[in-house]
Amino acid sequence: MLPGPTQSRRILAVSYGGGHVLMLIPVLKYLQSVGYDVQVVGLTTAAAALRNAGFSPLGFKDILRSDEDRAHNHGARLAGEMHQPGKVNSLEESIAYLGLSYADLEDQLGEAGAHEAFQKQGRQAFLPRGPMRRFFDALQPDVVLTTNSPRAELASIQVAAERGIPSVGVLDLFGLGSHNDIPADYVCVPFQQAADNLIRRGIRPEALRVTGNPNFDWVHQFSEDTSQAADWRKAHGIDSDDLLALYAMKPVWDEKEELIVSSLERVLPDKPELKIALRPHPNGDTRLADNVIARLGSAAFVDDQTALPVAIDSCDALITHKSTVAVEAALLGRQVALFHTDRDYSTHAIPLSLYDWSSLSITVEEGVETLKAMQKETRQAQEERGKQIREAWNCDGNCPQRIAEVVIQAIESGAHQSAA
């Protein structure tokens with residue numbers, strides 16, 4: 001049920017799941033703690049994370065009326081194909097989200113146009129301004145807070161602009177590619193280079209605020225005094241002199257995984273000190289890791305139970321492709337080896353190598369040379385590297401407060417002007 005009017009200033013947060021909602025949750029908790037009325041539209045997989053954090057997220061089911069036959073029919077049809085039990089909030093929410101979004105797409109493009117757009121783009125064709133207007137009508141927010149996602153998040157910024165309501169967008173990573181151009185009044189970015197990337201594409205410099213990313217604050221809070229690395233390595237039979245690399249896999253096998261494994265196959269026979277801890281993707285097929293073990297032999301083992309901070313801290317290096325785990329490892333001062341099939345950073349958006357925080361290999365030959373060059377490092381060397389990167393990323397434990405201050409500033413200013 002949608003909440004009624006309130007005397008407090010009201011913040012409407014709109015977020016999809018994954019790292020985006022986790023980035024906003026500490027900000028929302030802080031704003032709530034200082035007296036703001038926080039209402040959250042938790043889209044697709046975001047609802048579970050919000051409930052676990054103590055919020056009561058709203059969904060499209062809260063705005064779907066019983067007499068909307070067109071939306072109900074589209075929703076039932078699409079949910080039969082696309083609903084993912086255990087990931088999305090509920091079948092009821094999937095029907096409402098898909099049905100209202102598709103009906104809105106028809107309102108924008110007509111039946112034929114909507115069909116063609118959805119056939120080409122799937123859910124990425126949605127820009128559900130109509131449904132988002134219903135939330136605005138009911139909640140009457142004083143500010144909108146969201147992240148750099150298309151569809152409903154972008155629609156919420158556009159509806160806020162229609163109504164003269166200020167908006168704040170939070171960018172998660174580097175700001176490479178036009179999909180990161182958040183047209184909000186205020187745009188919070190994790191570090192200065194991300195702001196520079198946005199400015200080069202036309203975002204107003206005065207709209208940008210360098211705040212850090214709350215998802216990475218755990219790195220600042222991580223203490224050497226409470227490190228479990230020595231016990232973890234001992235439990236897995238890793239000697240103190242071994243060079244242990246954590247290999248963070250993708251959910252599916254593709255040319256990037258083959259590039260990594262082929263490089264390791266070439267290196268391991270001549271580098272006996274290198275050991276590989278395989279971390280399967282939580283949404284992936286566990287048989288993928290079994291196939292890697294079969295190819296790499298006794299130098300590799302699967303570790304899919306350890307908490308990620310402990311796993312990163314216990315390893316000397318990280319091997320991966322497009323993964324935010326690479327950023328976390330770099331912030332902890334670990335060596336990072338990124339693998340990709342080209343140097344088009346706008347497609348994989350984790351260009352740590354641009355800042356000398358990782359290597360990037362796009363061929364087996366490059367991968368072999370990178371892995372051969374890896375050496376065991378002291379904790380002091382890791383800490384010095386990590387301190388530099390944490391300073392650049394504003395990873396100091398205060399990211400949620402800085403973003404919250406931007407939201408409060410937006411409320412107090414009350415003026416809307418697009419960042420682009």
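The values are calculated or read from the model by the stated rules, or taken from the named source; none is laboratory data. Here the structure is a predicted model, which means the values were calculated and not measured. Cβ placement follows ideal geometry from the backbone for every residue including glycine, while neighbour counts extend to all protein chains displayed.
Here are a few things to note about the model shown:
- Scanning the range 60-77 for residues that are out of contact with any Ser or Thr (no Cβ under 8 Å at 6 or more places or on another chain), surrounded by 13 or more Cβ atoms within 10 Å (Cβ to Cβ) and under 30 Å from Leu24 (Cα atoms) yields Asp62, Ile63, Leu64, Ala71.
- On the stretch given as the range 98-139, residues that are touching a strand residue (DSSP E or B) at 6+ places or on another chain (Cβ under 8 Å) and either of a type outside the set (Phe, Trp, Tyr) or not in a helix (DSSP H, G or I) (or both) total 2.
- Residue in the range 311-318 that is on the phi < 0 side of the Ramachandran plot and surrounded by fewer than 16 Cβ atoms within 10 Å (Cβ to Cβ) present: no
- Residue ID - surrounded by the fewest Cβ atoms within 10 Å (Cβ to Cβ), chosen from residues in the range 144-178 that are among the polar types (S, T, N, Q) and over 18 Å from Thr45 (Cβ atoms): Ser178
- Residues that are charged (D, E, K, R), touching a helix residue (DSSP H, G or I) at 6+ places or on another chain (Cβ under 8 Å) and buried (at least 18 other Cβ atoms within 10 Å of the Cβ) are absent from the range 220-230 altogether.
- Pairs with Cβ under 8 Å, 6+ apart, first in the range 284-299 and of a type in the set (A, V, I, L, M, F, W, C), second loosely packed, with under 15 Cβ neighbours inside 10 Å: Leu288/Val252; Ala299/Pro272
- For the range 269-280, filtering for residues that are in a loop (DSSP other than H, G, I, E, B), farther than 14 Å from Ala311 by Cα and either outside the structural domain of Glu257 (by TED's automatic domain parsing) or not acidic (Asp, Glu) (or both) leaves 2.
- Residue satisfying all of: in the range 29-45; touching a Phe, Trp or Tyr at 6+ places or on another chain (Cβ under 8 Å) and free of Cβ contacts under 8 Å to residues at least 40 places away in the same chain; surrounded by the fewest Cβ atoms within 10 Å (Cβ to Cβ) among these: Val38
- Pairing residues of the range 250-278 that are without any contact (Cβ under 8 Å) to a residue 24 or more places away in the chain and among the aromatic types (Phe, Trp, Tyr) with residues that are buried (at least 18 other Cβ atoms within 10 Å of the Cβ) and not in a helix (DSSP H, G or I), at Cβ distances under 8 Å and at least 6 apart in sequence or on separate chains, gives no pairs at all.
- Taking each residue of the range 390-415 that is more than 13 Å from Arg10 (Cα to Cα) and looking for partners that are among the basic types (Lys, Arg) with beta-carbon atoms closer than 7 Å, six or more apart or interchain, yields Val406/Arg209.
- Taken together, the residues in the range 95-140 that are surrounded by fewer than 17 Cβ atoms within 10 Å (Cβ to Cβ), among the polar types (S, T, N, Q) and on the phi < 0 side of the Ramachandran plot amount to 4.
- Some residue of the range 231-244 being outside any helix (DSSP H, G or I), over 16 Å from Ala300 (Cβ atoms) and among the hydrophobic types (A, V, I, L, M, F, W, C): no
- Taking the criterion of being small (Gly, Ala, Ser) and touching a Gly at 6+ places or on another chain (Cβ under 7 Å), the only residue of the range 366-399 that qualifies is Gly386.
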